[in-house]
Amino acid sequence: MDGKVKEQKRHQQKHSGPKAERKKLKKQEGSTEEDGRKRNPKAFSVQSAVRMAKTFHRSQDIKTKKHHIPHVDRTPLEPPPIVIVVVGPPKVGKSTLIRCLIKNFTRQKLGDICGPVTIVSGKKRRLTFMECNNDINTMIDLAKVADLVLMLIDASFGFEMETFEFLNICQVHGFPRIMGVLTHLDSFKNNKTLRKTKKNLKHRFWTEVYQGAKLFYLSGMVYGEYQIQEVKNLGRFISVMKFRPLVWQTSHPYVLVDRMEDLTDPERVRTEPKCDRTVSLYGYLRGTHLKNKGQVHIPGVGDFQVADVNFLPDPCALPEAQKKRALNEKERLLYAPMAGIGGVVYDKDAVYIDLPASHVNQQQEEVRPTTELVQSLIDTHATLDAKMAASKVSLFSGSATLDSTDVGEQSREQGPQEECVWDPKTQRKRRKVVFTDKEEDVSGSSGDDDDGDDDDDDDNSDIDSEDGDQEEQEEDEDEDNLSTFLKDTRAEAAETEKTVTDAPPAKKPKLEEGKKRREESVEVPAFADSEDDLEMSEEESEEEGENVRADSGHCSEEDEEEREDEEDDTEESEDESMEEDAAVATVKKQAASEEEKEEEEEEQGSLRWKEGLQQKASEAFLRQQKAAPNLRKLVYGSVVEADDSDDEDQELGGLFRVSRPQNGKKSRANGLDSSRFDPDTSHNWDLEEMLNSIRDCFVTGKWEEDQDAATLLKEDEELYGDFEDLETGKVHKGHTGEQDHAEQNNENDEDDEDNAESLVKVDDDEVQKKKRLEKKQRLKERFNAEYDDEDATYFDDLKEEMQKQAELNRAEFADVDDETRVQYEGFRPGMYVRLEISSLPCEFVTNFDPHYPIILGGLGSSEGNVGYLQMRLKKHRWYHRILKTRDPLILSLGWRRFQTIPLYHIEDHNGRHRLLKYTPQHMHCGASIWGPVTPQGTGFLAVQSVAGTKANFRIAATGVVLDLDKSVTIVKKLKLIGYPYKIFKNTSFVKGMFNSVLEVAKFEGASVRTVSGVRGQIKKALSTPPGAYRATFEDRLLMSDVVFLRSWYPVSVPQLYNPVTSLLLPAGQKDSWAGMRTLGQLKHDLGIRNKPNTDSLYKPVVRAPRHFNRLHIPKELQKALPFKSKPKQQQAKGKTPRDLQRPSVIREPHEKKVAALLLALSTVHNHKRKKAHTAQHAKHKEFLQQKEKLEEAKLKRQKEARKKLYRIQGQVDKKKSRSSLKGAPQDD
C-alpha cells in the first residue's frame, strides 16, 4: 500500500471472563508445581531408570517417525491456489459441500459448480475447488493434480466402490492429503447405531489411508445446506493444512484450466466447420517452471506444441500484506469463469464480462460493488459516441453545465492548439488552429502535469503507472494536456464560484452532516454509474446524479471508515481527484463527439465561461508558487517515479483505477513543482528550515537509506553494540533500537502538523522497524549457533542445507522484474498464465463440457517420444479376472491415458524372460509395452475399460516403470517333434522334425529327449529324406518313441499406442470411450463360436472285457503243495464217444398210459400229504400257544408265591430288629 498505513489497534488483554480465569488458574497450577519441586526434590526425581529409558525410546521413535527426506522448498513466495478435489459417489453431497465451503470463505452463493472455483481463503492462501464426477477418466486426471482430497462417504449406505477405486488411483500417482467426510448422518434415528457406524467406517477408512486420518462428520442439513459450525470447522482444517510435495507434481509443470477461449478465425470456422482450432487456455501454473514453446499433453485430447505463453494479472490475487486477523469483504474474492463468476476478465485479445447467476444478483451487489458498473456495461443499448454527444457535466459546484462542444481538444505541448468554432456563415463547426502568445503561460502550467499540486496526485499517479506501456503513450500525452486544461478551469472556477448564484449546487447526502468542508466540495457526478443515468433527461440528471454517486459501490466498508478517520484536507484531495476523473470523461466525450452537430444556441452560450481564462489561471498558479519550494523535484526530477510500482497495483486491467484517499498527504508532500517559479518570489535562505529543505540534495546529504553515512554508522552500532577503543581506553555506548524509536515517536508528535514532515517520519518508522527485525534475527541466529550445534543431528544438518538452497534459489532472481525472469527461468509456479495452442481438434471446442477438468501437463525433453517400456506389474487382488497376454489394456502413466497391448513375462533363474499367457494370481510379473517414454520409477495403473460403470472393481492392475529400452528379450517355448525311422543300438535316424539340411545344421549339438525320458543329442544332418538327422541317445529307442526338441522363440512387442480421447466425445457421452476390443469381446459381439477340436472333446469310454489265461502250476509243484493250496478245478472231460452214449427209449402207447396214471396218482398223493402236513402244522401251532399260556400262568403263580414268602420273611426280620433295639438299654 502506498501512503500512510493506518496503525492497528493494540490488543487489550482480558482481565475478567472465562478466558482470563483459565489463564489465572493455569498460572497458579504452574506455580504450585514449581513450589512442590523446591520443597520435595526427591518426589520429582527419576523413580525408575528402566521406565525412563522406555519413555525416552518411545518419544525418540515417535519423533523419528515424523522425519521425511528433506526436499528443497521450491514453492514461490506467492504460491498457486491449493487444488481441493471433492470426490464421492453420485448423490452423496459433493456440490452442496463445495457451495457451503465457498459461502463460508467468501460469503457468496454459487449455483451450478462448473469447472474450477478459486477463492481467497486467507491472507496467504487461496483454494481451488473441483468436483469429481463418477467417471474413471476424471478420477484419474484429478488424482494427479490434487493437493487435498475431500472424500465424501454416504454413512447411511456405507463405502461404495468409487471410494476404493479413487484411493487406489491416488496410491499409484502419489498420495495427496485425504480427508474423509461422512454425510447423511441424519438418517440414523438411534444414537447407538450411529456411534457404531461411525466407528466402523472410521477404522475401515484408517485401514485404507493411514492410522489417524481425519474423518469429519456432517450431522445434518438445514434449509438445504450443511450446518454452519461444522462447515466452518472443516474450513479451518483446510486453511491450516500443510502439504507434502509429490514427486511427479514438483518435477513437471501443469495447469488446471479454468477458462478456455476459441481464437480461430470465425470466417474459417464458417467455411470449414471441421477445421483445427486455435485455442487459448488460462489457469494457474503449478509444479515447476514452464518454458515457452514447450510440449504439453492434455489428458483426453493428446500431445500438442505450445504456440505462445504469457502471464496475466492475477484474477484472484492475494490481499496486500497487512497486520490484520481477517479479510474484509472486498478481499474475499471468488473466481470461477466456467461457472459465470469472476466479474471483468482482461485478456490480451479482449475484455470478458461475467455476471453471477440471476438468483445471486442482490447479494453480489452488496458484496462486490463493481457489479453495478459491469451490469451497466452489458445492458447498454446506445453507442458510446451518441451518449457522449448527448451528455452534459458540471465540473464545479455552481458552475454552468458543459457539453461536448464547449471544450476544444487540447493538443500536444509541441504542436499548435485546436479550437472548435461555429461558423454562422457556412452553418457548420470548424476546427481552428490557434497560435497565440499565451502558449508560454499555458506551457508553464502544463509543466505541472506530473505533480503540479495536491489536486492532481491521484490521476497523475495513475498516469505514471502507465508510462511503461508503449500502447498507452499517446493516451498519457492526452492526459497531460488534460491537466493543463484542468488548471485553467480550476483557477477560473475559484474566481467565479462566489458570483454565480443562479443554479444552487445539489448536495450529496452524507452520513455525518457536521463536516462542512466535505459538503461544500461535493459536485455533480462526472459519469453515470448505470445505463439509466446516461439516458435520463438533463433535469433528471441534475437532480438524481448526486444520489447515484452516493450509492455507487466503488468503495468498501473499510474505505468508508478510513475516509471518516482522515482529516479534512484528505477529503478535499479525494473530491478534487473526482473532479479530475470528471475532466477525463469530459475530454474523451469531446473527442468522441467532435464531428457531430449541435444546436446553435447551446454552442454560443457554452463558451462564455472561457472568458479571461488565461489571466485567472496565471493568478492561481502564482498563489501556488508561494508555498514551500520543492527543490528535489527541480534538481533530481520527479519524486513520484519511485511509487510507480505501487500505482500499478491500483490499476485494474488497464481500464479502471482505484482511488486511494490516503494518498492525499503524500501528494501534498511531493505535489508542488518549482521547476518554473516567479523571480519576484523571495526565499530567505538564512532560515534553518529553508536550509534543511535542500540539505539532502547535495553530496553530504541523505540520498538513500543505505547510502547515508549516519545511517551506516547507526547500523554498525546496532550490530556490534558497546565497544572499547583499546588505544584511548574510551568506551563507546551503542544506541538501542528502543531509544531511536522513542526519539522518533517524539519527533513525530512534535511535527505532526506538517504533512511533508509526517510522511518522512513514516518512512523512518518503517526503516527503524526493519532494522529492529534484522537485529533480532541476527541475535537469534547467534543464539542458535551457540546452543543448537551440540544436539544437531544429521537430519537437522540436511534440513539446514535444504533451507539454504531454497533461500539461494529465491534470492537469485528476487530483484528482477517478471519479464526478465521469464526469459531466464521460464514461467514460475503461481503465475496466472495464458497458453495458446494451435491445431486442436474441433471436437474439443464443439463438445466442451466444463464439468470435466482440462489439465495441461508439461512434458520433459524426452517424454514426447514413444518407445519400449519395461514394467513390473501385479494384478489387483480385487479384480475378478486374470489378465491375458495380447489383450488391449488402458494404462494411466504420467499425464497420459492410453491403450496398448502388453506382453507379460517372468524371469527364470537363468535370466531368461519367459512369456506368460496369463498374469500370476498373487505375485508380480514383468510387462513390456510400446508407449510414451516416462521416467523410471513412475507408477501406473491399468483398467480394461473406461466405458460406463461396471458392477465390479475397475482397477485391473498396478505397477511401476523399470526400464526404457528394448534390452529385455521375451521368449516363448516351442517344441519340435520327430519320429525315429531307423534304430542302431543307441543311434537313431529321426525324421519329421525339420524341413531342410540348413535347419538341421542350425541345431547341431542341441539336446533332444523322448517322451519316455531318454535323453539324446543331434549329431549330423542326413541327405535323405530332407530334414532328417542322426542322433545318439542314452539307451536304445523303440520305434514307438516320440522325439522332441525344446526351443525358445523370441516374441516382438506389438506397437500400439492409442490415446484415450474422451474429451473429444459429445457431451453426455464422455464416459463411453471404447478403444480396441479384446478377442473374446469381438467374438461375443459378432456371435462367432470357435469350432472345437475333435481330439479335445469328451467321448464315452468303451472298455472290452479282458480275458486272462489260466494259472498254470506244474505237476511237480502241485505234488509239493498241501491239499488246501492244490488247484481244485476239475478239468473238463472230453467228448463221450458215440458208442458210449446212452440210447434214447421210445415208449409204447400202453406204456405212456401207465406212466400218465402213475404221474396222476403221485400228484394226488403229494397233494394229500401236503394238506395233512399243513393241518398238522396248524394243530401244533395251537398246541404251542396253549402251552405258552400255561407256562405264563405257572410263572405268575411262582412270582406271587415268592412275593408272599419275601413279605413274611421281611416282617420277621423287622420284628427281630425291633426286639434288638428294645433290649439294648437293659443290657447296659
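Overview of values
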read-out	value
Of the criteria (1) assigned to a helix (DSSP H, G or I); (2) touching a helix residue (DSSP H, G or I) at 6+ places or on another chain (Cβ under 9 Å); (3) surrounded by fewer than 10 Cβ atoms within 10 Å (Cβ to Cβ), which one Asn1090 fails	(1)
Counted residues, region 845-873 - those being of a type in the set (A, V, I, L, M, F, W, C) and under 21 Å from the mean Cα position of the chain (by Cα)	5
Selection from region 822-857 of residues that are open to solvent by 40 Å² or more (accessible area, probe 1.4 Å) and either out of contact with any Leu (no Cβ under 6 Å at 6 or more places or on another chain) or without any contact (Cβ under 8 Å) to a residue 12 or more places away in the chain (or both)	Gln823, Tyr824, Arg828, Glu836, Ser838, Ser839, Thr846, Phe848, His851
Sole residue being within 24 Å of Lys124 (Cβ to Cβ), part of a helix (DSSP H, G or I) and at pLDDT 90 or above, chosen from Asn200, Asn233	Asn233
Check on Leu194, modelled with pLDDT of 90 or more and more than 27 Å from Phe243 (Cα to Cα)	yes
Filtered residues of region 947-975 (kept if under 23 Å from Leu903 (Cβ atoms), hydrophobic (A, V, I, L, M, F, W, C) and surrounded by 13 or more Cβ atoms within 10 Å (Cβ to Cβ))	Ile955, Ala956, Ala957, Val960, Val961, Leu962, Leu964, Val968, Ile970, Val971
In region 1140-1156, residue least open to solvent (accessible area, probe 1.4 Å) [restricted to those that are outside any loop (DSSP other than H, G, I, E, B) and of a type in the set (A, V, I, L, M)]	Ala1155
Residue match in region 765-777 (condition: part of a loop (DSSP other than H, G, I, E, B) and either at pLDDT 80 or above or farther than 26 Å from Leu77 by Cα (or both))	no
Residue within region 901-911 that is polar (S, T, N, Q) and farther than 18 Å from Asp963 by Cβ present	yes
Output for region 807-819, where each listed residue is part of a helix (DSSP H, G or I), surrounded by 11 or more Cβ atoms within 10 Å (Cβ to Cβ) and either modelled with pLDDT under 80 or more than 27 Å from the chain's Cα centre (by Cα) (or both)	Asn809, Arg810, Glu812
Single residue of region 949-1008 satisfying the filter (in a loop (DSSP other than H, G, I, E, B), free of Cβ contacts under 8 Å to residues at least 60 places away in the same chain and of a type in the set (S, T, N, Q)) that is farthest from Asn168 (Cα to Cα)	Asn986
Close pairs from region 1094-1106: first touching a residue at least 12 places away in the same chain (Cβ under 8 Å), partner open to solvent by less than 100 Å² (accessible area, probe 1.4 Å) and assigned to a loop (DSSP other than H, G, I, E, B), Cβ under 8 Å, at least 6 apart	none
Single residue of Val1043, Val1060 found to be surrounded by 15 or more Cβ atoms within 10 Å (Cβ to Cβ), within 23 Å of Leu974 (Cα to Cα) and in contact (Cβ under 8 Å) with a residue 24 or more places away in the chain	Val1043
Test: residue in region 271-278 that is of a type in the set (Lys, Arg), surrounded by fewer than 19 Cβ atoms within 10 Å (Cβ to Cβ), modelled with pLDDT of 90 or more and assigned to a loop (DSSP other than H, G, I, E, B)	yes
Long-range neighbours under 8 Å by Cβ, at least six apart or interchain, first residue in contact (Cβ under 8 Å) with a residue 40 or more places away in the chain and more than 18 Å from Ser219 (Cβ to Cβ) within region 147-165, second of a type in the set (D, E, K, R) and part of a helix (DSSP H, G or I)	Phe159/Arg204; Phe164/Glu208
Test: residue in region 1096-1103 that is open to solvent by 90 Å² or more (accessible area, probe 1.4 Å), modelled with pLDDT under 85 and assigned to a loop (DSSP other than H, G, I, E, B)	no
Subset of region 112-130 that is open to solvent by less than 20 Å² (accessible area, probe 1.4 Å) and not hydrophobic (A, V, I, L, M, F, W, C) - its residue that is nearest to the chain's Cα centre (by Cα)	Thr128
Filtered residue count, region 1023-1035, keeping only those that are surrounded by 16 or more Cβ atoms within 10 Å (Cβ to Cβ) and modelled with pLDDT of 95 or more	5
Residue in region 73-82 that is among the aliphatic types (A, V, I, L, M), open to solvent by less than 10 Å² (accessible area, probe 1.4 Å) and touching a strand residue (DSSP E or B) at 6+ places or on another chain (Cβ under 8 Å) present	no
Subset of region 282-303 [assigned to a loop (DSSP other than H, G, I, E, B) and either on the phi < 0 side of the Ramachandran plot or small (Gly, Ala, Ser) (or both)]	Gly287, Thr288, His289, Lys291, Asn292, Gly294, Pro299, Gly300, Val301
Pair list, Cβ under 7 Å, 6 or more apart: region 1016-1038 residue assigned to a strand (DSSP E or B), other residue of a type in the set (Gly, Ala, Ser) and open to solvent by 80 Å² or more (accessible area, probe 1.4 Å)	Gln1017/Ser1007
Qualifying positions in region 291-306 - hydrophobic (A, V, I, L, M, F, W, C) and out of contact with any Lys or Arg (no Cβ under 8 Å at 6 or more places or on another chain)	Val296, Ile298, Val301, Phe304
Residue check for Ser838: in contact with a strand residue (DSSP E or B) (Cβ under 9 Å, 6 or more places away or on another chain) and either in a helix (DSSP H, G or I) or at pLDDT 85 or above (or both)	yes
Odd one out for Glu801 among (1) open to solvent by 40 Å² or more (accessible area, probe 1.4 Å); (2) in contact with a Pro (Cβ under 9 Å, 6 or more places away or on another chain); (3) assigned to a strand (DSSP E or B)	(3)
Which numbered condition Leu234 misses (of (1) more than 20 Å from Arg99 (Cβ to Cβ); (2) in contact with a strand residue (DSSP E or B) (Cβ under 6 Å, 6 or more places away or on another chain))	(1)
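Per-residue answers, yes or no, for (1) open to solvent by less than 60 Å² (accessible area, probe 1.4 Å); (2) over 21 Å from the mean Cα position of the chain (by Cα); (3) at pLDDT 85 or above; (4) closer than 30 Å to Asp147 by Cα:
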{"residue": "Gln12", "(1), (2), (3), (4)": "no, yes, no, no"}
{"residue": "Arg22", "(1), (2), (3), (4)": "no, yes, no, no"}
{"residue": "Pro41", "(1), (2), (3), (4)": "no, yes, no, no"}
{"residue": "Lys54", "(1), (2), (3), (4)": "no, yes, yes, no"}
{"residue": "Gln60", "(1), (2), (3), (4)": "no, yes, yes, yes"}
{"residue": "Val92", "(1), (2), (3), (4)": "yes, no, yes, yes"}
{"residue": "Thr96", "(1), (2), (3), (4)": "yes, no, yes, yes"}
{"residue": "Phe105", "(1), (2), (3), (4)": "yes, no, yes, yes"}
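The values are calculated or read from the model by the stated rules, or taken from the named source; none is laboratory data. No experiment lies behind these values; they were computed from the predicted model shown. A quick note on method: Cβ atoms are made from the backbone with ideal geometry, for glycine too, and the neighbour counts reach across all protein chains shown. In case anyone asks, the SASA skips ligands and DNA or RNA and just uses the protein heavy atoms, side chains included. Shrake-Rupley method; radii C 1.70, N 1.55, O 1.52, S 1.80 Å.
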